[in-house]
Amino acid sequence: MKIKKHTYIKITVTLGLILVTLTGCERGLSEEAELATFPTNGDIFIDSFVGGLDYFPFGGSFAEAFSVDQNESFMGTASMRFDIPVFGVGFGGATFPSTGPRDLSGYDALTFWAKASRGADINEIGFGVNGDTNNQYQVTLQNMPITTNWKKYTIPIPDASKLNQEIGMFWYAEGAENAADEGGYTFWIDELKFERLGTIAQPRPAIFNGIDEMLQTVKGSTTTITGTQTFNLGTGEDIMVIAAPSYFNFMSSDESIAIVNERGEVTILDSGKAIITASIDGVLAKGSLTVDSSLNISSAPTPTRAANTVISVYSNAYTNVNVDTFNGNFGGSTTQTTFLKLGNDDLIFNTNVNFAGIQFQNPTIDASSMNFLHLDVFIVSDTSSPSLSFNIRDRGANGELNTNVNTGGPTEDDQQIDFTIPSAQLVSGQWISVDIPLTGGLATQKNNLAQIAFSGNVDFILDNIYFYE
Amino acid sequence: MNKMMNAKTSNMNRIYTSKIWNYFILLVLLFYIGCNTSEEQTVATFSNLVMQDEFDVDGTLNSSLWTYDIGTGMNGWGNNELQYYTDRPENVTVQNGVLIITARQEDFNGAAYTSARIKTEDLFEQTYGRFEARIRVPFGQGMWPAFWLLGNNCNEPGFTWPQCGEIDIMEFRGQEPTIIHGSVHGPEYSAGNAITKSYQLPNDRFDTGFHVFGIEWAPDYVNYYVDDVLYNQITREDVTGEWVLDHPFYIIINLAVGGSFVGSPNSDTVFPQNMLVDYVRVYKK
């Protein structure tokens, strides 16, 4: 790896200091004094690294993924070569930070030429990965298609004025996500640089995928906003990148109810309603978040069972098993799942409920020595005929969930217990402790528990989901 | 070490100074050459202003100069265009010194889009001259703004289009934001066989700012320019048929949606879309 020292930064800084010092002697630092600026070099890899660059593979990345290839290039004598391993061997992923900050505010895009040994989609590629700033200005282009011919690619900068001292020049992550996904191939990148194309236009930022979201929540909870920036390129194509929250300016309609920091973290300060909107460089983002924190809830009762007698799925009182999803995307499901934080207590909030499921298949739970599932439920909605049922599924030895598509019940080697909370207990506005015996279909088969599903017609909060002896 | 570096730095400064001097001479030279080039490339010579609309009065268009085409024409105005043209303020208005033609996605009299097409037919017609407008075009797949001239005898027997002649000063495909097209149509050189040249804006695009689109039309040629760049000349020798550009033409400005030239809008096309016209000016020699 070639690492050049930025002597000119030092010179600039020194000169800047001398100037500042001289100015200081005469009349103090005036408000117009400009800060020392950083080099504006936009070149990253032409035939070798330009301007001092590091190479940091991501944790778990295939160690030999990156090399400089002297035999392949789009222009000049060399290119960046990335060898993506076959499925199961890991992935290729790395960031290429500049050894010193650069001022990229005069550019409008990261561009490069690329080709691959076969047609493929690069999972994620972009710039702005910078450990020092927690990736404050990260940009991600997802699923970039790449062909066997050299082609020029453009990743636009969401708002270049933010990048006046950026280190994260380039990053990528690509791997076979399953046996059918492409792996065991090579792609090359050449002429990697920031450019001012002049043809990146028509910015259309968005938060929450452009949707006006409603969030019922509680005082003290937090949530995070994610956003995208879309541009129209000179070729006429639209391109959308994920833009880190710090590219956005966030606005709250009522800062006594909700505030947003530059990381896109919304903090609910009080009960009430507030609308969060955002913009990039003065362009209002499509989509918004309406926060309704008028829910009046308390924390669930703290579990008292000894940790060595439970297997916990979701609780702040225990160490939890790996959960794949708290809302398995069942076909036809309208259920929306969000997370609340009440003090230090994390809660699962299900709204617009018809049915959904919590899945834990990596690995499954062996509950052979357990006898019950415990859940704490808090019903939020005032429904005239409330109903709420749970079922617990063992997926059996064949390693997959087998579900009758008509009934939703188990087939093949799956077993299940169904449990309906008696309607008299379904009182809204208070915590209800539910204990479901692992009987019925699970009486003799509960060593591969994989799913807790529910169906009903009430909005409810869940906490302290654990199996116990 | 410090001293060495200082020595090097000052040495470098000297080299720089001499280099800068060289650059300066080069710049001066370039400047002179630049002047020569622009003298060679005379963009426009007709300077006798005979018609202008600066769109300085908000509201409806000046009715002594402009009229409207309404509806869907025959076969989508001959091009399978998808819009219904109206004269409603939703589709055509003057605001803040700018003519705004707006293409909307809305169900209207059986069409899926509305827009506007204005013309000077019977109100301002002229043979030869310099026709110029300052325009900002919309963008997106299926957008087709145009600034063009049509012969005033298209309705006369024996002169139906393309015999009556057409001069397209500016046509633009919304999906090609950096390129405009200038054409003439006549007998044996119409539609897909028109005499056309395209002009690509270097390091910029047409939908982000205003640009001047013009022609200078004389008995033997039509010159095409964008801003200060003369990019084409079409002469009698260039057309593959009879030269029919020798009688009065009128001005049309429209924003079509879809049609054979651009294809239909797609899910990425943003509506509404605006075509902005800062002014239209016509000169004689």
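For A:Val405, A:Val266, which order do you get if you count the other beta carbons within 10 Å of each Cβ and list the fewest first?
A:Val405, A:Val266
Sort A:336-345, A:110-119 by the packing proxy (mean of other Cβ within 10 Å over each peptide's residues), most packed first.
A:110-119, A:336-345
So which of A:Lys219/A:Lys273; A:Lys162/A:Lys193; A:Lys193/A:Lys286; A:Lys162/A:Lys219 end up more than 22 Å apart, counting from Cα to Cα?
Distance filter (> 22 Å) returns A:Lys193/A:Lys286; A:Lys162/A:Lys219.
For the modelled label position 7 Å from the Cα of A:Thr411 along Cα-to-Cβ, which residues of the range A:361-405 have backbone nitrogen atoms closer than 13 Å?
Within reach of a label on A:Thr411: A:401-405.
With a 10 Å Cβ neighbour count serving as the proxy for reagent exposure, in which order, fewest first, do A:Ser61, A:Ser381 appear?
In order of increasing Cβ crowding within 10 Å: A:Ser381, A:Ser61.
Could you check the simple spin-label distance between A:Asn447 and B:Asp220, using points 7 Å along Cα→Cβ, in nm with one decimal?
Calculated label separation equals 10.0 nm.
If you take each beta carbon of peptide A:226-239 and count the beta carbons of other chains within 10 angstrom, what is the mean?
Going residue by residue through A:226-239 and averaging, the value is 4.
Which shape class, rounded, prolate or oblate, goes with the range A:141-230 when its Cα gyration tensor gives a ≥ b ≥ c as root eigenvalues, a/c under 1.5 marks rounded, and past that a/b bigger than b/c marks prolate?
oblate
Pick out, in residue order, every one of the GluC sites (Glu not before Pro) in the range B:168-269 that is DSSP loop and has at most 15 other C-beta atoms within 10 Å; say none if there are none.
For GluC sites (Glu not before Pro) across the range B:168-269 that sit outside H, G, I, E and B with at most 15 neighbouring Cβ atoms in 10 Å, the list reads B:Glu188, B:Glu237, B:Glu242.
Is there a quick way to get the dipole size of the protein assembly as shown? I mean about its Cα centre, with the Cβ of Lys and Arg at +1 and of Asp and Glu at -1; what is the value in debye to the nearest 20?
Computed charge dipole of the protein assembly as shown: roughly 1980 debye.
Return A:Val50, B:Val222 ranked ascending by Cβ neighbour count within 10 Å, so the fewest neighbours appear first.
Result, fewest neighbours first: A:Val50, B:Val222.
Shielding of A:188-201 by partners, i.e. mean partner chain Cβ atoms within 10 Å per residue?
Taking the mean over all residues of the peptide, I get 2.
Taking the 0 to 90 degree range and rounding to the nearest ten, how far is the long axis of helix B:2-40 tilted relative to the main principal axis of chain B, both from C-alpha atoms?
With rounding to tens, the tilt is 40 degrees.
Please say if chain B is rounded, prolate or oblate, where rounded means a/c under 1.5 for a ≥ b ≥ c the square roots of the C-alpha gyration tensor eigenvalues, and otherwise the choice is prolate for a/b larger than b/c and oblate otherwise?
Prolate is the answer for chain B, as a/c is 1.5 or above and a/b outweighs b/c.
Obtain the nm distance between the two label points defined at A:Phe56 and B:Met74 by a simple spin-label model: each point lies 7 Å from its Cα along the Cα-to-C-beta direction.
For A:Phe56 paired with B:Met74, the spin-label model returns 7.0 nm.
Rounded to the nearest 0.05, what FRET efficiency do B:Asn109 and A:Ser368 have when you use their Cβ-Cβ distance and R0 = 51 Å?
The pair B:Asn109/A:Ser368 has a calculated efficiency of 0.10.
So what are the radius of gyration and Dmax for the Cα set of the protein assembly as shown, in Å?
Calculated on Cα positions, Rg and Dmax stand at 33.7, 100 Å.
How far is helix A:7-27 tilted, in degrees, relative to the longest principal axis of the Cα atoms in chain A, given as a value from 0 to 90 rounded to the nearest 10?
80
Mind giving me the FRET efficiency for A:Asp254 and A:Thr40? R0 is 35 Å, r the Cβ-Cβ distance, nearest 0.05 is fine.
In this case the efficiency is close to 0.25.
Check each of the GluC sites (Glu not before Pro) in the range A:186-241 and keep only those in coil by DSSP with at most 10 other C-beta atoms within 10 angstrom; list them in order.
Sites meeting the loop and neighbour criteria: none at all.
Sorted from largest to smallest, which semi-axis lengths in Å does the alpha carbon gyration tensor of the range A:208-292 give for its equivalent ellipsoid, taking the root of 5 times each eigenvalue?
So the equivalent ellipsoid measures 27, 11, 10 Å along its semi-axes.
No value in this document is a laboratory result; all are computed from the given coordinates. Since this is a predicted model, take the numbers as computed values, not measurements. Cβ atoms come from the backbone with ideal geometry, glycine included; neighbour counts cover every protein chain shown.
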